Amino acid sequence: MHEQSLAIETIDLVTREAKKSGVSFIREIVIEVGYLSGVEADAFEFAMELMVKGTILESAAMRIIRTPGKGKCTACNLEFMMKQRLDTCPQCNSFPSEIRGGENFMVLSMAIE
């Protein structure tokens, strides 16, 4: 379950940044999880809920933003939304030749006090 490792790394990252800035309380954290990132958002959220106990994020609200993937079909030149890597072009049923989005996994923001 690599979501647990990602949760630990996310908590470590936020803790380091908070210490650098002298922040003692984080109200909210916003995390982007792309559909094509390889991260199972529900498993990551569950891991975070377990791992934040006793950390600066224990009382923080966590918001996960799911971003769809985008594929570019060279057969018909259509750019289309994807939820899985194996999604095909809705116009010509070809596989995308290029992935143009939805692969991100990142902390977008933290609301601090």
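Can you name the residue in region 58-77 that is modelled with pLDDT of 95 or more and among the hydrophobic types (A, V, I, L, M, F, W, C) and is also farthest from the chain's Cα centre (by Cα) among such residues? Checking each candidate, the answer is Ala60. Only a single criterion out of (1) surrounded by 13 or more Cβ atoms within 10 Å (Cβ to Cβ); (2) out of contact with any Phe, Trp or Tyr (no Cβ under 9 Å at 6 or more places or on another chain) is not satisfied by Gly34, namely (2).
Scanning region 17-48 for residues that are more than 27 Å from Gly101 (Cα to Cα), part of a helix (DSSP H, G or I) and without any contact (Cβ under 8 Å) to a residue 24 or more places away in the chain yields a count of 2. Residues in region 62-100 that are in a strand (DSSP E or B) and in contact (Cβ under 8 Å) with a residue 40 or more places away in the chain: Ile65, Met82, Ile99. Scanning region 99-110 for residues being surrounded by fewer than 16 Cβ atoms within 10 Å (Cβ to Cβ) and either modelled with pLDDT under 90 or hydrophobic (A, V, I, L, M, F, W, C) (or both) gives a total of 4. Among the criteria (1) surrounded by fewer than 17 Cβ atoms within 10 Å (Cβ to Cβ); (2) in contact (Cβ under 8 Å) with a residue 12 or more places away in the chain; (3) small (Gly, Ala, Ser); (4) at positive phi, the one Gly54 does not fulfil is (2). Scanning region 55-113 for residues that are charged (D, E, K, R) and within 30 Å of Arg16 (Cα to Cα) returns Glu58, Arg63, Arg66, Glu103, Glu113.
The values are calculated or read from the model by the stated rules, or taken from the named source; none is laboratory data. What you see is a predicted model, and the numbers here were worked out from it, not measured in a lab. Neighbour counts are summed over all protein chains in view; Cβ atoms, including those assigned to glycine, are modelled from backbone coordinates with ideal geometry.
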